[in-house]
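Worksheet: one structure, shown below.
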Amino acid sequence: MYNGKPFALKTVYNILGNTKYSGVYTIGDEIIDNMFPPIIPADLYSKVRDLIEKNRYGKRSIESDFLLRFKIRCGYCGKPVSSSTGITRYGKTFRYYKCDSRKTNKNNCQQASVQKDYLEKLIIDIIVPKETALTTVGVVCYIEVFQP
């Protein structure tokens, strides 16, 4: 608790990533043990650091397959469209496709994200020849049908 409020999650994350709290202090190349009394026991600190490193880049969801992953491009800017998943604070999961340049805010792309189920159903319902443009209800994308 700090000022009567619980620590923010980011604060706890920063504490668990700082070696000072485990009693180790680094000045340049010099490492000093026990300069400060450890707040976190060394074995617990090590376990937490291993978990944080393991989860550093996240993991791919095995609950859902994105059928159009690596197969579509944004109709506005031509950049690849990637799959994304979001979870509301109430635990509801949303899956959608989003332009990579909009995701990284690189070229001011105006294409909004599109719900996964809607776009996949649209593509499945229409047989699309190679590089045909689809424009339906504000959704613009170019489909590249890859043939083995």
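Taken together, the values in this text are just the output of simple stated rules run on the coordinates, not laboratory data. Fair warning: this is a prediction, and the values are worked out from it, not measured in the lab. FYI the Cβ positions are ideal-geometry reconstructions off the backbone, even for glycines, and counts take in every protein chain you see.
Each 5 Å bin from zero up to the one holding the largest Cα-Cα distance in the range 46-126 carries the following percent of pairs: 3, 13, 19, 20, 17, 13, 8, 4, 2, 1, 0. Global size of the range 1-59: 13.2, 38 Å for Rg and Dmax (C-alpha atoms, Rg to one decimal, Dmax whole).
Pairs with C-alpha atoms separated by more than 24 Å, drawn from the list 54/79; 10/47; 20/47, are 54/79.
Qualifying GluC sites (Glu not before Pro) in the range 1-110, where qualification requires a DSSP coil assignment and no more than 14 other C-beta atoms within 10 Å, comprise 63. Ranked by the mean number of other Cβ atoms within 10 Å per residue, highest first, peptides 65-76, 80-91 order as 65-76, 80-91.
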